[in-house]
1. Counting just the residues of region 116-142 that are small (Gly, Ala, Ser) and surrounded by 13 or more Cβ atoms within 10 Å (Cβ to Cβ), which one comes out farthest from residue 64 (Cα to Cα)?
2. Evaluate the following for residue 51: is it of a type in the set (Val, Ile, Thr), part of a helix (DSSP H, G or I) and touching an Asp or Glu at 6+ places or on another chain (Cβ under 9 Å)?
3. Within the set of pairs 6+ apart or on separate chains, which have a first residue in region 89-116 that is in contact (Cβ under 8 Å) with a residue 60 or more places away in the chain and at positive phi, a second that is acidic (Asp, Glu) and in a loop (DSSP other than H, G, I, E, B), and C-beta atoms under 9 Å apart?
4. Any idea which residue in region 1-40 is surrounded by the most Cβ atoms within 10 Å (Cβ to Cβ), counting only those that are free of Cβ contacts under 8 Å to residues at least 12 places away in the same chain and of a type in the set (A, V, I, L, M, F, W, C)?
5. Somewhere in region 78-100, is a residue under 11 Å from the mean Cα position of the chain (by Cα), modelled with pLDDT under 95 and not in a loop (DSSP other than H, G, I, E, B)?
Amino acid sequence: MPEPVDQRLRKGERRRLALIDATLRVIGRGGAAAVTQRAVAAEAGVPPSAVLYYFASVDDLLVAALSAVNDRYVTRLEAIGTVDALVALVEDCARPDRMSAVAEYELFLHAARRADLATELHRWDDALADVAVRLLPDDPGRRPLLVAAVNGLCLAATLGSPYDTGVLERLVAG
């Protein structure tokens, strides 16, 4: 049987993650400006005081949400070894419920306005550059093109614009 402290820690981590997920849904519907203690609490189904228990401020909540989004993407990018896996990542941005992808972009734009979040902002780019090295090991000249193509395709997919993932296959094939 786990010790009570461990159970409280697990429950606290679940609550913290639920608040981050609720934050992403609020951002998806109304942008970062819509994130308030009350809005996130209502979305998560918890009392408003729970938000400030886990996050000292709304800004801390936004930064935690950005970090969580990046953690998920970086983990996924680290596992990519084929162009098909990279295409799947782009196509996920076009999923029927694109609001989570919209929320993720909103967080990246939020970070782009703040010098103190530059490291967090560039984690995606660094992980994507590593994918380009794996997929184009003998062609460093095309790696920046692959990175730019993925960034552009992800944005187009998120916006609901037409996009062609065949570009990735053609870039990697040479």
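The values are calculated or read from the model by the stated rules, or taken from the named source; none is laboratory data. Since we're looking at a predicted model, the values are computed, not measured. Methodologically, a virtual Cβ is constructed for each residue, glycine included, from the backbone with ideal geometry; neighbour enumeration extends over all protein chains shown.
1. Only one residue tops the list, namely 132.
2. When the stated conditions are applied, residue 51 does not pass them.
3. Short answer, once both residue conditions are applied: none.
4. Here the answer is 34.
5. Yes, some residue in region 78-100 is under 11 Å from the mean Cα position of the chain (by Cα), modelled with pLDDT under 95 and not in a loop (DSSP other than H, G, I, E, B).
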